[in-house]
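For reference, the structure discussed in these notes is given below.
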Amino acid sequence: MSDHATPTLAPVAAPATELDALIVGAGFSGLYQLLSLRDRLGLSVQVLEAGDGVGGTWYWNRYPGARCDSESHSYMFYFSEELLQEWEWSERYPGQAEIMRYLNHVADRFDLRRSIRFGTRVSAAHYDDAANRWRVTTESGQVWSARYLITAVGCLSTANVPDIAGLNDFKGDWYHTGQWPHEGVDFTGKRVGLVGTGSTGIQAAPVIAETAAHLTVFQRTANYSMPAHNAPLTDEFKRYMKAHTAEIRGVMHSSPNGHSFSIRPRLALDSSPEERQALYEAAWRKGGLEFRATFQDLLVSKAANDTAAEFIRAKIRSIVKDPATAAVLSDIDHPFAAKRPPIDTHYFETYNRDNVTLVDVRAAPIVCATPEGIRTTERDYPLDILVFATGFDAMTGPLMKMNIHGRDGLALNEAWHAGPRSYLGLQVAGFPNLFTITGPGSPSVLCNMPVAIEQHVDWITDCIAHLRENGIERIEPRPEAADQWVDKVNEAANATLLPQASHSWYLGANVPGKPRVFMPYAGGMPRYRAICNEVVAKGYEGFVLSR
Ligand code: N01
């Protein structure tokens with residue numbers, strides 16, 4: 001969005017609905033934040049949600065094969081033991097539809113819907129210094145005024161559709177996976193093109209291939225993927241989970257990524273090649289992101305990482321029968337897990353089907369779309385349907401789109417023109433009483449999301465309670481505290497191999513023109529939690545609290 005095209009002053013006064021807090025978004029974070037502020041603190045709260053239902057990212061991402069890569073018993077709220085006891089997941093990894101059922105259950109159980117306005121997209125938010133209130137406008141012209149503005153907009157909610165010349169002339173239908181039609185898409189008998197081989201493309205390809213006449217996958221960057229080995233949960237596991245919620249929470253809170261498994265305290269290069277192979281084999285058979293936890297040094301030592309990377313490349317070569325296809329799929333240019341590693345169900349096996357073709361668009365880039373399909377520098381691919389699994393303008397995209405203006409009309413887009421600058425990923429200097437749940441600079445996407453969300457919501461709730469109990473009108477970070485935090489975020493990333501995936505969305509490198517800044521905090525959730533707690537213990541160190 002062009003910053004210059006947007007007004008910097010609040011629109012002419014219109015009657016506003018007065019609130020204590022306004023929350024934008026009704027996914028995991030918006031729902032829990034609503035519950036916390038409305039029912040625990042007793043505030044007047046409104047949630048505005050662009051979708052017609054709860055669910056956030058899961059409301060929009062209905063593409064074929066959409067499934068979470070956190071195990072279901074860890075992909076849920078842990079704030080309520082009753083909720084933990086009454087909900088039962090059916091599979092090891094929850095599918096999109098089941099996650100939607102869960103979040104709808106949460107909304108009903110806590111009577112949240114009455115405080116959510118659906119189908120309502122925020123078009124602007126302006127901070128009024130004199131009144132110390134946020135004035136929030138929606139696309140349909142409603143106006144709200146709130147003391148606290150809390151964004152719960154998710155990190156992966158702004159679809160990134162590549163700017164491909166001629167796309168408007170394509171005679172077939174095209175879709176982005178993050179804006180999938182609710183009625184679904186029928187691929188039966190169709191020639192389908194799929195652009196993108198991140199977590200989404202890797203999940204979608206096997207499912208699309210089942211019904212399409214032909215699936216052509218356009219791969220720009222080859223990717224690692226581990227088998228998910230998704231399966232129905234046994235009754236024994238369901239009983240175990242309910243009997244051990246405190247223990248599971250303990251593991252999730254002590255692991256850097258917030259998952260329900262621990263990283264093994266051993267080094268890859270301390271093991272013999274045979275031992276390493278056996279451990280990787282066992283992890284491969286077990287499946288899922290836990291593969292990454294086989295050794296503790298996989299994300300900090302390139303030599304250690306190479307052993308895992310080569311194991312997976314060898315797996316790809318052993319699964320994919322056509323050697324030329326296997327070579328393109330295993331020609332991976334970044335360390336293992338430096339980009340978010342997908343987990344899959346028969347992804348590499350899909351290339352053994354007669355109706356699936358892989359196109360290497362690094363070797364022969366896409367030139368344009370034509371009325372009939374996609375043209376690369378080598379040839380034309382006739383298509384009926386084009387699917388873009390091309391990811392998101394991650395983390396900053398949804399915030400920048402909201403047209404947020406802080407003190408003296410300062411636009412967030414202006415404040416972040418060289419990349420996001422926040423304090424703890426929670427607040428931005430110059431934007432008093434604005435809180436960003438899982439904002440850039442927090443662990444967010446490097447953590448199992450519900451764990452990151454619960455920590456942020458609890459921190460924000462405690463903070464607002466503190467402000468109210470002490471007659472404090474506003475809170476915002478000191479600019480120098482935000483600068484120091486940005487340095488810490490960079491240091492944490494540079495201590496890992498993560499920045500070595502130079503085209504990853506963690507760096508904003510997937511969106512043309514976006515500043516390259518490593519956005520999430522890579523120091524691990526337990527360390528981050530401790531820092532946030534210490535900041536509070538020191539009287540909200542780094543923040544300005546004013547009356
Ligand atoms: O998006 P991505 P995603 N021409 O950005 C390619 C979460 N998630 O939607 O790498 C050709 O990772 C791009 O190529 P390259 C998870 O955190 C979780 O897959 O830029 N190709 C890449 O291959 C994940 O990381 C789950 O060279 C183009 C792909 O599109 C995040 O969401 C499931 C292109 C985009 O990959 C995002 O995943 C799904 C172009 N112009 C998602 N532009 C689970 O929980 C982009 N690409 C399991």
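No lab work stands behind these numbers, since they all come straight from the coordinates. Please read these numbers as outputs of a predicted model, since none were measured by experiment. A quick note on method: Cβ atoms are made from the backbone with ideal geometry, for glycine too, and the neighbour counts reach across all protein chains shown.
At 0.36 nm per residue, and after removing the present C-alpha to C-alpha distance, how many nm does the segment from Ala246 to Ala16 gain when stretched out fully?
Extra length from Ala246 to Ala16 when fully extended: 78.4 nm.
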*Taking the Cβ-Cβ separation of His346 and Ser318 as r and a Förster radius of 22 Å, what is the calculated FRET efficiency to the nearest 0.05?*
0.95
*Jot down the per residue volume, in cubic angstrom and as a whole number, of the convex hull over the alpha-carbon atoms of region 1-154.*
131
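Rounded to the nearest 20 debye, what is the charge dipole size of the chain about its Cα centre when +1 sits on each Lys and Arg Cβ and -1 on each Asp and Glu Cβ?
Dipole size: approximately 240 debye.
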*Along the Cα-to-Cβ line of Thr188, 7 Å from the Cα, sits a label point; which residues in region 198-224 have backbone N less than 19 Å from it?*
207-215
*Note the full-extension length gain between Ala130 and Arg109 as 0.36 nm times their separation in residues minus their Cα-Cα distance, in nm to one decimal.*
3.6 nm
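If you take the Cα Rg of region 167-388 and divide it by 2.2 N^0.38 Å, with N the number of residues, what do you get?
Working: Rg = 19.8 Å, N = 222, 2.2 N^0.38 = 17.1 Å.
The value comes to 1.15.
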_Shape verdict for region 294-346, please, from the Cα gyration tensor: rounded (a/c under 1.5), prolate (a/b greater than b/c) or oblate._
prolate
*Send over the Kirkwood Rh of region 119-183, from the inverse of the averaged 1/r over different Cα pairs, rounded to one decimal Å.*
15.3
_For region 128-219, share of DSSP beta bridges that run antiparallel, in % to the nearest 5_ = 55
*For region 408-458 and region 321-362, compute the distance between their C-alpha centroids and round to whole Å.*
35
*Based on DSSP H runs of at least 4 residues, each adding -39500 (n - 2.57), what is the mean residue ellipticity at 222 nm of the chain after dividing by all its residues, to the nearest 500 deg cm²/dmol?*
-9000 deg cm²/dmol
_Proxy reagent accessibility, fewest Cβ within 10 Å first, across Trp134, Trp58, Trp180_ = Trp180, Trp58, Trp134
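How fast does region 346-447 diffuse by Stokes-Einstein, in µm²/s, taking the Kirkwood radius from C-alpha pairs at 4 °C and 1.567 mPa s?
Diffusion coefficient, whole number: 74 µm²/s.
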*Roughly speaking, what % of Cα-Cα pairs in region 491-531 are separated by over 12 Å, rounded to a whole number?*
58
*For region 218-279, alpha-carbon Rg relative to the globular expectation (2.2 N^0.38 Å, N residues)*: 1.58
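Based only on other Cβ atoms within 10 Å, what is the fewest-to-most ordering of Cys447, Cys463, Cys368?
Cys368, Cys463, Cys447
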*asked:* Give me the extension gain from His466 to Glu281: residue separation times 0.36 nm, minus the current Cα-Cα distance, reported in nm with one decimal.
replied: 61.5 nm
_Taking N as its residue count, the alpha carbon Rg of the chain over 2.2 N^0.38 Å_ = 0.97
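Hydropathy at least -0.5 by Kyte-Doolittle, axial extent at least 27 angstrom from the Cα trace: which helices of the chain, defined as entire DSSP H runs, fit?
449-469
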*What is the antiparallel percent of DSSP beta bridges lying wholly in the chain, to the nearest 5?*
40
_Burial order of peptide ranges 537-547, 407-417, 98-108 (average beta-carbon count within 10 Å, highest first)_ = 98-108, 407-417, 537-547
*Pull up the DSSP beta bridges for region 167-388 and report the antiparallel fraction as a percent, rounded to 5.*
25
